[in-house]
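The values are calculated or read from the model by the stated rules, or taken from the named source; none is laboratory data. In this text the structure is predicted, and so the values were computed from the model without any measurement. Cβ placement follows ideal geometry from the backbone for every residue including glycine, while neighbour counts extend to all protein chains displayed.
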Ligand SMILES: [Zn+2]
């Protein structure tokens, strides 16, 4: 099954020279670094993908690595990848970092953890057409996503999962445990929750990675959740397919329309 953080890091570094720049970004105030991988020139529309902010959700980091190793990312875009945003939690298999923090509640105010601060600082001057964050959910029965930004990409991702025969969560019973929101603060349908990022931030009292990037840097933001009760291979397949489907969606859909009005 899944390996250690040093193994993950080694495999990312092996992609150097394969069109990928792979570097370690220091976490100021903590004895650790984050991997940041980039490809493509700045004239291409940019996509940000992150994984592993919760250390007990390992399918995202390994799925993203496999997707890149197999050349599965559309070269029509440039990429900034954060392959594992909670390295200490990843190795300890805990949701929290070694500092005892749920890092996905520390992306407010320029970053309230060394990891969040490193990511937000590095991303400061960047704008993204699409942001994706990869998670897992212990209560889910199938794949689902959160979508911010008013697009329809999440529906196309769910349709791609359906077409491949992969399970999609109906978001009925499991919705109660899916997060801090209820039916007054978001809209849910099979496989997809849409929320206003301002309302969700108010409920959280801080910002998640996706909320911070939706607020500051990305036109659209998707958070993917795979069911951690499902088999390892199935979870990897779901994340890989969902990422590819989201990228295909913005390259076909209205994603390239009115770029000049993106960040008003
Ligand atoms: Zn998570």
Could we say that residue 96 is within 16 Å of the ligand (Cβ to nearest atom) and touching a strand residue (DSSP E or B) at 6+ places or on another chain (Cβ under 7 Å) here?
no
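Tell me, please, whether a residue that is in a strand (DSSP E or B) and away from the ligand (no atom under 16 Å from the Cβ) can be found in the range 222-238. Walk me through how you get there before you give the answer.
As a first pass, look at the range 222-238 and keep what is in a strand (DSSP E or B): 222-227.
In the following step, the residues that additionally are away from the ligand (no atom under 16 Å from the Cβ) were identified as none.
Looking for residues that are in a strand (DSSP E or B) and away from the ligand (no atom under 16 Å from the Cβ), one finds none in the range 222-238, hence no.
Taking the range 68-83 as the search range and keeping residues that are within 18 Å of residue 18 (Cβ to Cβ) and under 14 Å from the mean Cα position of the chain (by Cα), which one is nearest to the ligand (Cβ to nearest atom)? Steps first, answer last, please.
Step one: list which residues in the range 68-83 are within 18 Å of residue 18 (Cβ to Cβ), which gives 68-81, 83.
Right, trim to under 14 Å from the mean Cα position of the chain (by Cα) and you get 79-81, 83.
Details: 79: 21, 80: 20, 81: 17, 83: 15 Å.
The qualifying residue nearest to the ligand (Cβ to nearest atom) is 83.
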Could we say that residue 244 is under 12 Å from residue 147 (Cα atoms) and touching a residue at least 40 places away in the same chain (Cβ under 8 Å) here?
no
Counted residues, the range 118-158 - those being free of Cβ contacts under 8 Å to residues at least 60 places away in the same chain, farther than 19 Å from residue 220 by Cβ and outside any loop (DSSP other than H, G, I, E, B)
1
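Just to verify a result, which residue in the range 188-205, among those that are assigned to a loop (DSSP other than H, G, I, E, B) and at pLDDT below 90, is farthest from residue 235 (Cα to Cα)?
Filtering the range 188-205 for residues assigned to a loop (DSSP other than H, G, I, E, B) gives 190-191, 196, 205.
Next cut, at pLDDT below 90 only: 196, 205.
Numbers: 196: 27, 205: 30 Å.
If we take residues in the range 188-205 being assigned to a loop (DSSP other than H, G, I, E, B) and at pLDDT below 90, then 205 is farthest from residue 235 (Cα to Cα).
Would you say residue 246 is surrounded by 20 or more Cβ atoms within 10 Å (Cβ to Cβ), more than 16 Å from the ligand (Cβ to nearest atom) and at pLDDT below 95?
On the way: surrounded by 20 or more Cβ atoms within 10 Å (Cβ to Cβ): yes; more than 16 Å from the ligand (Cβ to nearest atom): yes; at pLDDT below 95: no.
No: the conditions fail for residue 246.
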Condition first: within 16 Å of the ligand (Cβ to nearest atom), within 26 Å of residue 227 (Cβ to Cβ) and modelled with pLDDT of 95 or more. Can you find one or more residues in the range 4-26 that meet it?
no
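Does the range 175-187 contain any residue that is assigned to a strand (DSSP E or B), under 26 Å from residue 116 (Cα atoms) and either away from the ligand (no atom under 16 Å from the Cβ) or more than 17 Å from the chain's Cα centre (by Cα) (or both)? I'd like the intermediate steps shown before the answer.
Of the residues in the range 175-187, the ones assigned to a strand (DSSP E or B) are 186-187.
Subsequent filtering for residues that are under 26 Å from residue 116 (Cα atoms) retains 186.
Of the ones still in play, those that are also either away from the ligand (no atom under 16 Å from the Cβ) or more than 17 Å from the chain's Cα centre (by Cα) (or both) are 186.
Within the range 175-187, one or more residues are assigned to a strand (DSSP E or B), under 26 Å from residue 116 (Cα atoms) and either away from the ligand (no atom under 16 Å from the Cβ) or more than 17 Å from the chain's Cα centre (by Cα) (or both).
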Specify which of the listed residues (120, 134, 207) is closer than 22 Å to residue 38 by Cβ and within 16 Å of the ligand (Cβ to nearest atom).
134
